[in-house]
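Throughout, read-outs are computed from the coordinates displayed, never taken from laboratory work. It should be emphasised that the depicted structure is a prediction, and the values quoted were computed from it without experimental measurement. Cβ placement follows ideal geometry from the backbone for every residue including glycine, while neighbour counts extend to all protein chains displayed.
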Amino acid sequence: MDKIREHENLRGCAEGMLIRTEEPGDFDIVRELVRLSFKDMEESDHTEHLLVDRIRRSDAYIPALSLVAEVPGAGVVGHVMLSKVEVVSEKGSVALPGVAPLSVLPGFQRKGIGGRLLLEAHRRAAEAGYRGALLLGHKDYYPRFGYRRASLFGIRFPFDAPVECCMAVEFRPGSLDGVHGEVRYPSVFFE
């Protein structure tokens, strides 16, 4: 939560932006926004928009943690979705939301919108009782929001991805103490 307070006034953010819970009337707009956000990314398989649709139709969907950013005169320009995943060990499992994806329209990137969306999603997830969040993402972008290598917590991802891209964030210092094991994603992530 300290990172949330630290970044509340991110510089360069669109003036008058509203972050709100996604509504069913946003689904088509969000699908196109996500597609366009990842269209030119080399690391992408360009199916993130399809993943969002699959998550919404699954038990992994957490409607309260699917958020959009609206800018006056431009409409919905950003989206973040946190969905149900868990960390499983021989001692049991711990539910932590997974961030996938975080999307901002290309013309609105590098203005602080993605950071504001992410931090608001963290705040809402913490209020809902979650201890932290997980993601597979860019090693240079997410650490500014408190993310660290998941391996430092003893958390392993089931993907063949660089360890510096497999990350976790604590919502309060020490909130992931004792959480270790392998991340289990719902089957919708692999369809």
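Below, the figures for the structure above:
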| read-out | value |
| --- | --- |
| FRET efficiency estimate (nearest 0.05) - Cβ-Cβ, HIS46 to ASP140, R0 25 angstrom | 0.70 |
| Label corresponding to Cα extents along the principal axes in Å when calculated from the structure given, among (i) 71, 32, 29; (ii) 59, 40, 24; (iii) 51, 37, 30 | (iii) |
| Among SER44, SER103, SER151, residue whose mean-square fluctuation peaks in a GNM of the chain (springs only between Cα atoms under 10 Å) | SER44 |
| Fully extended contour minus Cα-Cα distance, from VAL163 to LEU36, at 0.36 nm per residue | 43.0 nm |
| Anisotropy class of region 42-106 from Cα gyration tensor, a/c 1.5 cut | prolate |
| Listed peptides 91-100, 171-180 by packing density, highest first (mean Cβ within 10 Å) | 91-100, 171-180 |
| Summed residue charge, Cβ within 13 Å of ARG124's Cβ, Lys/Arg positive, Asp/Glu negative | 0 |
| Relative contact order [Cα under 8 Å, 6+ residues apart], the chain, whole percent | 23 percent |
| Point-to-point label distance, SER93-ALA74, nm (Cα→Cβ direction, 7 Å offset) | 3.9 nm |
| Shape category assigned to region 106-163 from the gyration tensor of Cα positions, a/c cut at 1.5 | oblate |
| Whether region 128-191 is rounded, prolate or oblate, judged on the alpha carbon gyration tensor where a/c under 1.5 counts as rounded | oblate |
| Residue-span extension gain [ARG148 to GLN109] - 0.36 nm each, minus C-alpha spacing | 11.8 nm |
